[in-house]
Amino acid sequence: MEIFRKFKLAVEKANNIVITTHVYPDADGIGSEISLAMALKKVGKNVICCNDEPLLTRYKYLDPQDIVSYTDEIHNKFPHKPDLIIVVDTNNIERTGKKFLEYYKSFNCEVLYIDHHPCHEQLWSDHCIDTSAAATGQLVGNLIQKMNIKFDEQMALPLYTAILIDTSSFRYPTVTDETHSLIAELLKTGIQPPQAYNGIYGTKKIEHMHLLSKVLGSADSNSTNEIAWIVINKESLQEYGVDIEDTHGFINHLLILDNVKVACMFRDDGDQIKLSLRSNGSIDVGAIAIQLGGGGHSHSAATIFSKKQSDELSEKIKSMIEKIEGLLPEMALTRF
């Protein structure tokens, strides 16, 4: 109720509302902003979604009402001074992108974060933050329910997809009975699980399968098989014509390995390496990521570290795996 109170107070005094999400948005951010915009329109608010860049083609089906705009066209499509900017799926305005940040600074209006990622303590009192939520889509769905707005199919599909993606098809430990209760309400609108799953996962080209085969074919593990990892480099992405956004799920294939506790995916971008971490539920990879300069959830986290062109990737990976091995004993989750 506390989160809804903060949301209600912010929305009630605003008429012109812009909703956005982080740069390079995933389905959780996109689905959350679309459904929330539809809900706020139903209570008479003047609302638009505006992201740093145009919505990728593969997400267009989630936005049949063409609610999502982008910064280069926002002044033409929404020539109003926003009273409130709602940022979903991140709790840092800097993460919305350079162009959107300029748009925000030109008005410097009130900002409300709706998010399930860890944040600084001072944000908790004024924003809608719940790190126990399985997805930002779950938070948004709960807020819509508390507004006494009935879900329809167009609102339900983006939210279902948001939760589906951010829980890796409901496999993460943050999924609870409350998550499935919301899913049940969304399904009552008439959307079908195959419709949502195929819409978000079933849009790959054969080259995607070829890259996945190459990446998994080079998977490795440490001596105890508790840590497994894969590597993706930009040359392979270019060779197979695969977008970075389509590789996020590759790491989850490692979680089926016997004895694995931590799955790692190293993405070599040339001058930097992004390390994604996933847990089988027994290890807090969010705490590991913090130790490595990043952050995230206990089950899903990431960090980025620099790499000179002369550096050997294999040596960088070896060094990082050794650090993770050293952190494992103190990162065990007692609830497992």
Hits among aspartates and glutamates - C-alpha to C-alpha of residue 307 under 13 Å, sequence gap 8 or more where chains match
268, 269, 271, 315
How high is the relative contact order of the stretch 4-138, in percent, with contacts defined as C-alpha pairs under 8 Å that are six or more residues apart?
29
Tell me the label-point distance for the pair residue 76, residue 146, using the 7 Å Cα-to-Cβ offset, in nm and rounded to one decimal.
3.9
Counted charge near residue 210, where neighbours are those whose Cβ lies closer than 13 Å (Asp, Glu -1; Lys, Arg +1)
0
To check you understand DSSP bridge types, tell me what percent of the beta bridges within the chain (both residues inside) are antiparallel, rounded to 5.
40
Distances over 17 Å make up what percent of all Cα-Cα pairs in the stretch 106-171?
51
Under 12 Å from the Cβ of residue 327, count the other residues' Cβ atoms, weight Lys and Arg +1, Asp and Glu -1, and hand me the total.
-3
Using DSSP, restrict attention to beta bridges with both residues in the stretch 222-336 and report what percent are antiparallel, rounded to the nearest 5.
70
Just to confirm, what accessible area per residue do you get for the chain at 1.4 Å probe, in whole Å²?
47
The extension gain from residue 110 to residue 93, computed as 0.36 nm times the residue separation minus the Cα-Cα distance, is 5.0 nm
Over the Cα atoms of the stretch 202-336, what radius of gyration and what Dmax do you get, in Å?
14.6, 44
First measure r as the distance between the Cβ atoms of residue 178 and residue 4, then evaluate 1/(1 + (r/R0)^6) with R0 = 22 Å and state the FRET efficiency to the nearest 0.05.
0.95
Extension gain, residue 308 back to residue 253 (0.36 nm per residue minus Cα-Cα distance, nm)
16.9 nm
For residue 209 and residue 121, compute 0.36 nm times the residue count separating them, minus their Cα-Cα distance, and round to one decimal in nm.
27.4 nm
Label-point separation in nm, residue 333 to residue 195, each point 7 Å along Cα→Cβ
3.2
Viscosity 0.692 mPa s, 37 °C: Kirkwood-radius Stokes-Einstein D of the chain over Cα pairs, µm²/s:
157
Evaluate the Debye formula for the stretch 1-95 with equal point scatterers sitting on the alpha carbons, no solvent, and hand back log10 of I(q)/I(0) at q = 0.10, 0.18 Å⁻¹, in q order, two decimals.
-0.24, -0.80
Please express the Cα-Cα pair-distance distribution P(r) of the stretch 1-54 as a list of whole percents, one per 5 Å bin, running from 0 to the bin with the greatest distance.
4, 19, 26, 25, 18, 8, 1
Find the relative contact order for the chain and round it to a whole percent, using C-alpha pairs within less than 8 Å whose residues are 6+ positions apart.
12
Computed FRET efficiency, Cβ-Cβ of residue 245 and residue 220, R0 22 Å: what is it to the nearest 0.05?
0.35
Rounded to a whole %, the carbon-and-sulfur portion of the accessible area of the chain at a 1.4 Å probe is 49
Distance (nanometres) between label positions extended 7 Å along Cα→Cβ at residue 318 and residue 234
2.5
Summing Lys, Arg as +1 and Asp, Glu as -1, what charge do residues with Cβ under 15 Å from the Cβ of residue 190 carry, residue 190 excluded?
-1
Helix 313-327 versus the longest principal axis of the chain: what is the Cα-based angle in degrees, 0 to 90, to the nearest 10?
80
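The values are calculated or read from the model by the stated rules, or taken from the named source; none is laboratory data. It should be emphasised that the depicted structure is a prediction, and the values quoted were computed from it without experimental measurement. Backbone-built Cβ (ideal geometry, glycine too); neighbour counts: all protein chains shown. When the accessible area is computed, the model is the full protein with side chains, heavy atoms only, and any ligands, DNA or RNA have been set aside. Shrake-Rupley method; radii C 1.70, N 1.55, O 1.52, S 1.80 Å.
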